[in-house]
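Input: a single structure, listed below in C-alpha cells.
Laboratory data are not the source of any read-out in this text; all were calculated from the coordinates shown. None of these values were measured; they are calculated from a predicted model. A quick note on method: Cβ atoms are made from the backbone with ideal geometry, for glycine too, and the neighbour counts reach across all protein chains shown.
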Amino acid sequence: MSLANLTKPWAPMSYGFLDASAKRELRRKMIKSVCVPGCQMPYASREVPMARGWGTGGLQVSLTLINPQITVKVIDQGADDSVNAASIRRFLARVSGAPTTLDTLKADLIQSRHRIPEEVLREDQVLVLQVPNPEPLRSVQPNMSIARQMHGDADYGRMWLQLYEQIVRSGRVMQGASYPSMVNGRHVMTPSPIPRWDVPKLHMAKHLTILSAGREKRIFAVPPFTRVEPLVFDDVPYRVEDHAGLTCSRSGAKGFFMNEIPQSDGTSTYEVSDSEYGVKSIRQRDGETLTMGETWYKDGEMPQ
Amino acid sequence: MAYVATRGGERAIEQSERLFREAMGKIDAARVSEVKAALPYLVDRVMGEASLYDEDLAALALTQTGGELYEAVLVLRAWRTTQPRLCVAAAVEQDSLFTHRRISAAFKDIPGGQVLGPTLDYSHRVLATDVLGGTPFDPPRVEPAANPAPAHQPSVSAWQAANDLVDLPATDGAAGEAIPDLTREPLLFPAKRAHTLQSLARAETGGVLALGYAAMRGYGQAHPTVNELRLAEAEVMVKHPNGTEFSAGRVKVSQAEVVSKTGDKLGLGFAATFGWNEVKCISAATLDLNSKGAPKGSPTEEEFFLYHTEGVEASGFCIHFKLPHYVTFQSSLDAMRDAKAKPVKEPAE
C-alpha cells in the first residue's frame, strides 16, 4: 500500500467549493431549522469568494445542496439576468457542474434575492432565500442577544406595538417588504425582504424554503405545509401591494408583482417583476408552444 | 413587439472585471515579491485581518486587488476557509516571545527593560521628496548597543499580579481542538473569551481604532495606561504524528496590555494579533478593558464592537447597497402612496 492509494488526487478546491466540515455544519443547521420552523439557528458561516451581503448565506446553502443532477435557477429582484444573479449562477455552475435554467418549472433548486417566482413551486423544489437581516425584531431591539431571548419568551409585544403605532400615525401598516410573519404559530420571522405580495406564497406551501443570512450567521426555514401568517390585527386585514390591476407593458401579463419604470413625461409604465415569467408570456403570445406553470395569484388575487 | 431578451448582464459583468484587471496589468511573482519587500506593515495588517499568516499570499492578495484592502482580506479569508486544518499549535506564552520592541508607559523601567526596537514614533514626519528628484533615500546603518537587550521578557502584568495590583485571568487549560474557534463556530453573546480575543485579532484596524478612540475620548469609562506594548516573533510549535515536537517557523505578532484603576485593583485589557500593528492592539485592548459592565448598545459593549469591527462583514454589507433594491423600494412606495392618499384623522382635542 502506498500513500497515493490512501489519498485523493490534489484538487484546488473541494467539490462545490465548501469543504466537508463546512457542508456538515450547514446540513446540521438546516435540519435543525426545519425541525423548529421560523427559529433562527446560528451557524458557522464561512467566507466564500463573494462579498458578505451579496448572497453568501444563500450561496452556502446552495453549495451544500448542489450536485450534478440538480438544475439551478438564480434570481435577483425577480430577474435572472441581474448582474449578481448572473454572477452567482456562473459560480454555482463553475464549482459544481450543475446545469442551470431560467425556467422556474425546470429548476430543482432556486436561489433568490427578495422574490418568490409567480409560478407555484412543487414538493420536489427547494427555494433558498438570501437574507440581509434575519432578525425581525431589529427595529425594536438592535441587540441580537436580547432579541434572541425575546424569541425564546415569544415576547413580541414591541413588534405588535410598532405595527399599531404605524396604523395610528399613518392610517395603515407602513411595513414595505420583509413583513414580519408568525411561523407555525410560534416564531416570528422575517420572510427576507420579499414584497408583501410574496408572503402568502409561503403559507402552507408545498416546497421547502430555506432562508440564510451569511453575514449575520443565521439560518431558518419554512418546511412544506407550514403556517406562515403575517402579523395583523383582526380588524385591519393584511394588504399586499396594489399591483393586481397593473399590466406589463412588454408582455401583457396582468395581475402580478410589477416593476415601476418611470417615464420622462412624468408617468410610469410597468414590467412584470418575475422576468422569466414575462419572457414566457411574450413567447406564448408570439405563438410558441411552451408550458406556463400554474400561478399563485389568479387575476391578481391569491385564492385563500 | 418581438421577443427581446435582455441578457446583457453576464457580458457586462465579465467586461467590467476585465476593465479593472486590465488597469492593474500583468501580475507576476516579481511584482508580488516587491510588494512583500516594500510594504511589510501593510502585509502584516492584511495577514492579521485575514487571520492567515503567509506573507507571500498576503502580498499576492494585495497585488491582485490593487491594494483594495477589504478585497484583499476577503480573498485571503475565502482561501483560508477552504484549507484543511492539519493541527493546532501549542499555546504561546508571553515570556517565550522573541521580543523586538517592548515598551511600558506605566513605569520608567520594568523587569526585562524597555526595548525601543524599530519605530517611527520619534521620527520627524517629513516626506522624502528628494527621492522623486532622483536622489535615493539610503537609510543610515544601525549601530548596535554594547549590551543587547534580552530576547525574552516577562509581562508587566505578571509583576503587578505578584504585587497584588491586578488579578490575572485564570489560566485557560484548553488546548488543541478544545480551543473554541471563531472560524468554525458562530459568535454568540456573552462571547467565549477565546472568541472575543480571536475577533479582535482579526478585526479591521480602522474600525477598532474608531471605536477604541471613542472609548479613549470618553465614551468608555476606563482611560487606558499602556502597561506593555510588544512587537515580537513567536515560535509555532507543533507536534508531528510520531510525537516529536518541532517548530514550524516563526510568526510576527504584536500584543498590548492596558490597565486602568478600578477600585483598589487595576482593570486589565488585552489584545494580540498576527503581524506588527500597534494602533490596532492598543485600541483593541482599550475596548477589552472597557467592555466589562458596559451598558448594552454602547460602543464599548462587546456585542457592539465585535460585530461592527468585523471588516469583511462590514465592508461587504456596505457595498451591497450598490445592488438593485427596486423590489423592496417598490414595496415601500406602495405603502407610502397609499398612506398619502388617505387623510389622517386628527386626534380629538
Using only the Cα atoms of chain B, each taken as one equal point scatterer with no solvent, compute I(q) by the Debye sum, divide by I(0), and report log10 of the ratio at q = 0.06, 0.10, 0.12, 0.15 Å⁻¹.
-0.31, -0.77, -1.03, -1.45
Considering the convex hull of the alpha carbon atoms of the range B:17-80, report its projected area averaged over all viewing directions, in nm², one decimal.
4.0
Estimated translational D of the protein assembly as shown in µm²/s (Stokes, Kirkwood radius over Cα pairs; 37 °C; 0.692 mPa s):
117
Computed D for the range A:90-246, Stokes-Einstein, Kirkwood radius over alpha-carbon pairs, 4 °C, 1.567 mPa s, to the nearest µm² per second, is 77
Dimensionless Rg/Rh of the range A:1-129 - Kirkwood Rh, Rg from C-alpha atoms
1.01
Tell me, what ³J(HN,Hα) does each residue in the range A:191-204 have, in order and in whole Hz, if you take phi through Karplus 6.51 cos²θ - 1.76 cosθ + 1.60 with θ = phi - 60° and put x for Gly and Pro?
x, 6, x, 6, x, 4, 3, 8, 4, x, 5, 7, 5, 6
Surrounding net charge for A:LEU18, when Lys and Arg each add one and Asp and Glu each subtract one, Cβ distance under 10 Å
+1
Rounded to the nearest Å, what's the spacing between the alpha carbon centres of the range A:246-275 and the range A:168-240? Just the number, please.
25
Counting pairs of Cα atoms in the range B:6-161, how many percent are more than 26 Å apart?
55
Between helix B:311-320 and chain B: long-axis angle, C-alpha atoms, 0 to 90°, nearest 10:
20
Given 0.36 nm per residue, what is the gain on full extension from A:GLU123 to A:GLN263 after removing their alpha carbon distance, in nm?
46.3 nm
In whole angstrom, the spacing between the Cα centers of the range B:36-88 and the range A:22-94 equals 25
Of the listed pairs A:LYS23/A:LYS206; A:LYS106/A:LYS201; A:LYS8/B:LYS36; B:LYS108/B:LYS265, those with alpha carbons more than 23 Å apart are A:LYS23/A:LYS206; A:LYS8/B:LYS36
What is the mean projected area of the alpha carbon convex hull for the range A:241-287, to one decimal in square nanometres?
3.4
Förster-model FRET efficiency, 45 Å R0, B:THR171 and A:VAL36, C-beta, rounded to 0.05:
0.75
If you keep only loop residues by DSSP, which trypsin sites (Lys or Arg not before Pro) in the range B:22-85 have at most 10 other Cβ atoms within 10 Å of their Cβ?
B:LYS26
Restricting the calculation to Cα positions, tell me the Rg (one decimal) and the Dmax (whole number) of chain A in Å.
20.4, 78
Computed lengthening from B:LEU116 to B:LEU86, 0.36 nm per intervening residue step minus Cα-Cα distance:
7.1 nm
What is the set of long-range amide H partners of A:THR269 at a cut-off below 5 Å, with H atoms built 1.01 Å from backbone N?
A:ILE261, A:GLN263
Need one number: nm distance between label points at A:ALA4 and B:SER96, each 7 Å from Cα along Cα→Cβ, rounded to one decimal.
3.9
Summing Lys, Arg as +1 and Asp, Glu as -1, what charge do residues with Cβ under 15 Å from the Cβ of B:VAL32 carry, B:VAL32 excluded?
-2
Treat each spin label as a single point 7 Å out from the Cα along the C-beta direction, and report the B:ALA145 to B:ARG21 distance in nm.
5.1
In chain A, once you exclude exposed GluC sites (Glu not before Pro) (DSSP loop, at most 13 other Cβ within 10 angstrom), what's the longest stretch remaining?
A:124-287
Taking a label point 7 Å from the Cα of B:ARG125 along Cα-to-Cβ, the residues of the range B:14-48 whose backbone nitrogen sits under 11 Å from it are none
Contour minus end-to-end for B:HIS240 and B:LYS108, with contour as 0.36 nm per residue of separation and end-to-end as the Cα-Cα distance?
43.1 nm
Report Rg(Cα)/(2.2 N^0.38 Å) for the range B:236-349, keeping two decimals.
1.91
Counting other Cβ atoms within 10 Å, keep those with at most 16, restrict to DSSP loop, and tell me which GluC sites (Glu not before Pro) in the range B:10-90 are left.
B:GLU68
Rounded to the nearest 500, the 222 nm mean residue ellipticity computed for the protein assembly as shown from DSSP H runs (n ≥ 4, each -39500 (n - 2.57)) alone is -9500 deg cm²/dmol
Cα→Cβ-extended label distance, 7 Å offset, between B:GLU68 and A:ARG283, nm
3.5
Could you compute the net charge surrounding A:MET204? Neighbours are other residues with a C-beta less than 11 Å from the C-beta of A:MET204; K and R count +1, D and E count -1.
+2
Separation of the range B:193-238 and the range B:110-135 by C-alpha centroid, Å?
23
For a quick size check, give me the Cα extents of the range A:128-179 along its three principal axes, largest first, whole Å.
32, 28, 16
